[in-house]
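Working notes, beginning with the structure itself.
The numbers here are math on the coordinates, done by the rules we state, and not lab data. Computed from a predicted model, the values in this text were never measured in an experiment. Please note: Cβ atoms are built from the backbone with ideal geometry, for glycine as well, and neighbour counts cover all protein chains shown.
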Amino acid sequence: MACALGHKACRDNRSVLYQRVPKLFADLALARGDGRHARIMRTLTGAQLLILDDWGLDPLDAGARRDLYEILEERHGRRSTILTSQVPVDKWHEIIGSPTYHDNCTDNLAAAMRELGLVAPETPSPLNLFMNIPADSDDVARLFRNHVARCSDMMSPA
């Protein structure tokens, strides 16, 4: 289906780039060392339609996670991206390997789904790790409102 959409975009004179995710992240890791990384990233963010195939076959390392974030962040709201996967969405958190990146990705996915009139699935609430209880917005606001450190304070091990 993704390739059929890519062919249609080509027939409509759109620039289309197809990449298999495992090979893409391997190429980007090598490109960091030989100076091609910025050029490859420009190519990925510049195509009018980017098709990322076979997402989720392997967990992401820190470099791949950062690259994925940069690609999707640069494209969000400006260019079209198709992500294909055989992995259920509820397993993506394990593949991404970082709650911060996962939250950003799910937020962007939910926004895109809303634009299409679709309802995004519920995502779990944040968890207060110190007390192992769900945190709500009042808890977060209270944490930032009642800070005790000054700008120049430093933390040191006890």
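Give me Met1, Met41 sorted ascending by neighbouring Cβ count inside 10 Å, so fewest comes first. Display every interim value, and only then the final one.
On the way: Met1 7, Met41 16.
Arranged by neighbour count, lowest to highest, Met1, Met41 become Met1, Met41.
Fully extended, how many nm does the chain gain between Leu57 and Arg114 (0.36 nm per residue separation, minus their Cα-Cα distance)?
Details: separation 57, 0.36 × 57 = 20.52 nm, distance 2.71 nm.
Gain on extension, Leu57 to Arg114, equals 17.8 nm.
To two decimal places, what compactness ratio does region 1-41 give when its Cα radius of gyration is scaled by 2.2 N^0.38 Å?
On the way: Rg = 13.3 Å, N = 41, 2.2 N^0.38 = 9.0 Å.
After normalising by residue count via 2.2 N^0.38 Å, the value is 1.47.
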